[in-house]
1. Residues to consider are 57, 61, 74, 40; find the one that is in a helix (DSSP H, G or I) and surrounded by 14 or more Cβ atoms within 10 Å (Cβ to Cβ).
2. Would you mention how many residues in the stretch 14-37 are surrounded by fewer than 10 Cβ atoms within 10 Å (Cβ to Cβ) and over 24 Å from residue 73 (Cβ atoms)?
3. Of all residues in the stretch 43-67, count the ones that are in contact with a helix residue (DSSP H, G or I) (Cβ under 7 Å, 6 or more places away or on another chain) and under 25 Å from residue 17 (Cβ atoms).
4. Conditions first: (1) modelled with pLDDT under 80; (2) in a helix (DSSP H, G or I). Residue 48 passes all but one, so which condition is the exception?
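The values are calculated or read from the model by the stated rules, or taken from the named source; none is laboratory data. Just so it is clear, the model here is predicted, and its values are computed rather than measured. Counting neighbours? That spans all protein chains shown, and the Cβs are built from the backbone with ideal geometry, glycine included.
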């Protein structure tokens with residue numbers, strides 16, 4: 001099927017969420033999406049505790065809002081590739 005014939009917005013969203021620009025499955029994107037889901041579930045259960053500790057809340061919000069930034073930070077701290 002040619003690219004122009006694909007009209008499903010759900011399929012495009014899934015491809016963008018879990019695939020790299022070449023169309024191959026990206027484990028880092030997959031883990032980032034699941035980390036965001038886990039953080040949202042954690043926030044739902046422990047919001048009253050998180051709001052009292054600004055440092056914990058900051059870490060949770062970074063994982064939720066900027067998984068690529070977190071990945072780059074960990075690569076800088078521990079060495080390794082960011083791709």
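1. On the way: 61 fails: surrounded by 14 or more Cβ atoms within 10 Å (Cβ to Cβ); 74 fails: surrounded by 14 or more Cβ atoms within 10 Å (Cβ to Cβ); 40 fails: surrounded by 14 or more Cβ atoms within 10 Å (Cβ to Cβ).
The match here is 57.
2. So the answer is 3.
3. Taking the stretch 43-67 as the starting set, the residues that turn out to be in contact with a helix residue (DSSP H, G or I) (Cβ under 7 Å, 6 or more places away or on another chain) are 43, 50-51, 56-57, 60, 62-64, 67.
Keeping just the survivors that are under 25 Å from residue 17 (Cβ atoms) gives 43, 60, 62-64, 67.
So the count comes out to 6.
4. Only one criterion is unmet by residue 48, namely (1).
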